[in-house]
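Below is one structure, written out as structure tokens, with a few remarks after it.
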Amino acid sequence: MPDLTTVEATLGAEMDAAAVFLHGAGVTDPRREAVRLWAAVAGVRPGDAWLRRDRAADPGTTERFRTAVRRRADGVPAAYAAGTAAFRTLELAIDRRALIPRPETEGLVDLVLAWCRGRGAGSGAGGIAADVGTGSGCIALSLAVEGAFACVIATDLSAAAATLARENVARVAPSVPVDVRVGDLLTPLGGERCRVVVANPPYLTEDEWTALAPSVRDCEPKIALASGTDGLEATRKLLAGARAVLEPGGLLALEIDERRADAVGELAGAAGWQVSIHRDVFGRPRYALAV
């Protein structure tokens, strides 16, 4: 990366140099990426980073920014390069231990909170919410911050991902307890009775995972993306087992692959669930709510 040796280098000069460096590495829309990387490492909004471009660049932030830019130029996804990811109202730590939170998953949280309100129970009104396959903890923490649950339990098969989720619990410090447990899918919930069970399970086939862009396939954990030859192994297990850990009338809310929405509906019906499929902001069938 071009070296800015002037003591009074501005934020704008740093971002300009980063854009040149990223362009040389073949990064698409390098100026926008530079602004977003600065915003991420500085803990500000991209618009604020741009408006402050004439200010002197803080040395500590500059060092972190240059490290992030070099990592991004090496092909590391932007969130991993910066070490943070935004999700709903939260700013979370993120690295290769967990899947990068996607905007589509924010819609799953919306549906869960709306379901709770529709039952005349606030956004949880006590009760337990469980986030199965929590990864970074983004769903669990959003439910803890925005809902009205008595507690939230987050589970993950990966001990490394669970550690990251605990780090984010400490980072967010929600007023509602968030208990992170290690284990396969619903197993850590044995003995619990939850008002809602929420999951963004892996839902790609092995072939689809192989065909992913290298920035996803080679950086993000396969365990969070692929689920057997038909992409439905984890979903099948959740549909088969969730009723045992739900209160009567409780909700199972799943993010699904749009290509398998019909298959999920059929599996849910065969397992005795009443299921509704909901679309994401792009109009794609993305969520299954089962009661």
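The values are calculated or read from the model by the stated rules, or taken from the named source; none is laboratory data. Here the structure is a predicted model, which is why all the values come from computation and not from measurement. We place every Cβ from the backbone using ideal geometry, glycine too, and count neighbours over all the protein chains shown. Surface accessibility is based on the protein's heavy atoms, side chains included, excluding ligands, DNA and RNA. Shrake-Rupley method; radii C 1.70, N 1.55, O 1.52, S 1.80 Å.
With the condition being touching a residue at least 40 places away in the same chain (Cβ under 8 Å) and basic (Lys, Arg), I'd like the helices (runs of 4 or more DSSP H) fully within region 44-94 carrying at least 3 qualifying residues.
Those helices (runs of 4 or more DSSP H) span 59-73.
Any idea how many residues of region 62-101 are within 9 Å of the chain's Cα centre (by Cα), modelled with pLDDT under 95 and within 22 Å of Pro202 (Cβ to Cβ)?
Of the residues in that region, 1 qualify.
For region 231-253, which residues satisfy the criterion of being in a helix (DSSP H, G or I) and either of a type outside the set (Val, Ile, Thr) or at positive phi (or both)?
Result: Glu233, Ala234, Arg236, Lys237, Leu238, Leu239, Ala240, Gly241, Ala242, Arg243, Ala244.
Filter region 254-266 down to the residues that are in contact with a Lys or Arg (Cβ under 9 Å, 6 or more places away or on another chain), assigned to a helix (DSSP H, G or I) and either of a type in the set (D, E, K, R) or open to solvent by 50 Å² or more (accessible area, probe 1.4 Å) (or both) and list them by number.
Selection gives Glu258 alone.
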